[in-house]
Amino acid sequence: MVVTQLSLEFRFQGKKLRGFSCELTRSPHGILPEPVLTTTCQVAIPILLSGLGMMTAGLVMNTVQHWPVFKDVKDLMTLVPPLVGLKGNLEMTLASRLSTSANTGQIDDRQERYKIISSNLAVVQVQATVVGLLAAVASLMLGTVSHEEFDWSKVALLCTSSVITAFLAALALGILMICIVIGARKFGVNPDNIATPIAASLGDLITLSILALMSSFFYSHKDTWYLTPLVCVGFLALTPLWLFIAKQNPPIMKILKYGWFPIILAMIISSFGGLILSKTISKHEFKGMAVLTPVMCGVGGNLVAIQTSRISTFLHMWSTPGVLPVQMKRFWPNPCFIFCSSEINSVSARVLLFLVVPGHLIFFYLICLVEGQSVTNSKIFILLYLVAGVVQVVILLYLAEVTVRLTWHQALDPDNHCIPYLTGLGDLLGTSLLALCFFLDWLLRGRANLQELVSELVSVPP
């Protein structure tokens, strides 16, 4: 399908027409092209800002891991990735939905805008409350499997802290996303490029801070046995109010009917990443895991969320749910086509992949400046770290193309179904690959030290 855009500019002097100019733009790819430089600039700045937020979150996690509550309640560390991952399951999904609504002109009308915003916020609060509770349950189950001690007071603390953290973080980030998307629409910036990274820029930091403060507060009042159950029930009791608000927009209510499976499965996937984190974070050979995990997971999650949102917008604008465009008919496309073709989505994939290495180098350098003693700066580790970052993003960008095609073919909205899976998988991949980097670096350095010791012993005369 060829798209043609005609732009007319009229010049008036008073009420008299004095001239006009016209510009004709044709695109053979089914969508008007966005210049590579424009895409790069719009994506790079939010990604850098989000990286600073994730870096700060890593420094916060490196500090709070030594707090008494995190040492006593081991499952709290398992809870970090699924709770932080809620920004991918909920806020990034919300940002993607709102970006699609903005790009298709649905929020230009004031009444329609209010209905879309209020119902979307209400749905996010319902999902955050329920998934926050389920994340705590999943962490407890994983802790039980790994032979952690079971204590009812710790169960209540974990569940309450998780529900409050999910609720407050979702509310704050949801309001922020609404302001960003509406502002981007007014200033002519594509919200697909900036909304999801900005959601992540403060998401990790806000979520970790709320979790640390809430869990510490309830831990200091653990003798008041009724406090944690009472607060948890109070937040759960607000759910009917959010359901009533969400019912004002029937299309959004479909998310509550059919959108639970993606976010719950994504939460479970992230929980396994949390289990890896909790098992490695206190070991000497994995020193620096706490600082680098939010950055590694966040960069991959941000980039794949941007790509997924862009592909979803492309399909909403130029196709019908259940019908894939001719160039996207194959469910499992050739990776070369995804990264090396002239298609609009392939160009954006290359731009996003190009940002991985420079972004990680900048964040790693800043982390070393601020927290140099907590991170190894060996050349072997830096190389392994960069390779892991590229591998993570390549896998996620390819899977983004595959999952969006499969989802659209089933007449489902990729904004609601794909981003949770991909960000959850990004957390698991990021944590696993980062742990592997630390392990390989420890092995290689140990082998080098052993060879030096052997050579010294051989060189010593008898």
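Here is how the numbers come out for the structure above:
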{"item": "Ordering of 98-108, 418-428 by burial proxy (mean other Cβ atoms within 10 Å per residue, highest first)", "result": "418-428, 98-108"}
{"item": "Calculated FRET value between GLN373 and ALA237, using beta carbons and R₀ = 41 Å, to 0.05", "result": "0.35"}
{"item": "Carbon plus sulfur fraction of accessible area for the range 260-334, probe 1.4 Å, in percent", "result": "68 percent"}
{"item": "Whole-Hz ³J(HN,Hα) from phi, Karplus 6.51 cos²θ - 1.76 cosθ + 1.60, for the range 330-335, glycine and proline x", "result": "7, 6, 10, x, 5, x"}
{"item": "Virtual spin-label span in nm between SER118 and ASP151, 7 Å along Cα→Cβ", "result": "4.6 nm"}
{"item": "Heavy-atom accessible area per residue - the chain, 1.4 Å, Å²", "result": "46 Å²"}
{"item": "Lysine pair number, Cα distance threshold 30 Å (strictly under), the range 195-327, separation 8 or more or different chains", "result": "4"}
{"item": "3J(HN,Hα) from dihedral phi, the range 237-252, Karplus parametrisation 6.51/-1.76/1.60, rounded to Hz, x for glycine, proline", "result": "5, 6, 4, x, 5, 5, 5, 4, 5, 5, 5, 5, 10, x, x, 6"}
{"item": "Label-to-label distance, nm, for residues given as LEU49 and HIS284 (7 Å Cα→Cβ offset)", "result": "4.3 nm"}
{"item": "Anisotropy class of the chain from Cα gyration tensor, a/c 1.5 cut", "result": "oblate"}
{"item": "Set of the range 387-428 residues, backbone N closer than 14 Å to the point 7 Å along the Cα-Cβ line of PHE331", "result": "402-412"}
{"item": "The range 268-350, relative contact order in percent, only Cα pairs under 8 angstrom and at least six apart counted", "result": "17 percent"}
{"item": "Solvent-accessible area of SER282 with every protein chain in place, 1.4 Å probe, in Å² to the nearest 10", "result": "100 Å²"}
{"item": "Whole-Hz couplings from phi, Karplus 6.51/-1.76/1.60, listed for the range 96-104; x for Gly and Pro", "result": "5, 4, 5, 5, 4, 4, 5, 5, 9"}
{"item": "R0 of 45 Å, Cβ-Cβ distance PHE354-TRP225: FRET efficiency to nearest 0.05", "result": "0.25"}
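The values are calculated or read from the model by the stated rules, or taken from the named source; none is laboratory data. This is a predicted model, so every value here is computed, not measured. Glycine gets a Cβ as well: all are built from the backbone with ideal geometry, and neighbour counts include every protein chain shown. Accessible surface areas use protein heavy atoms only, side chains included; no ligands, DNA or RNA. Shrake-Rupley method; radii C 1.70, N 1.55, O 1.52, S 1.80 Å.
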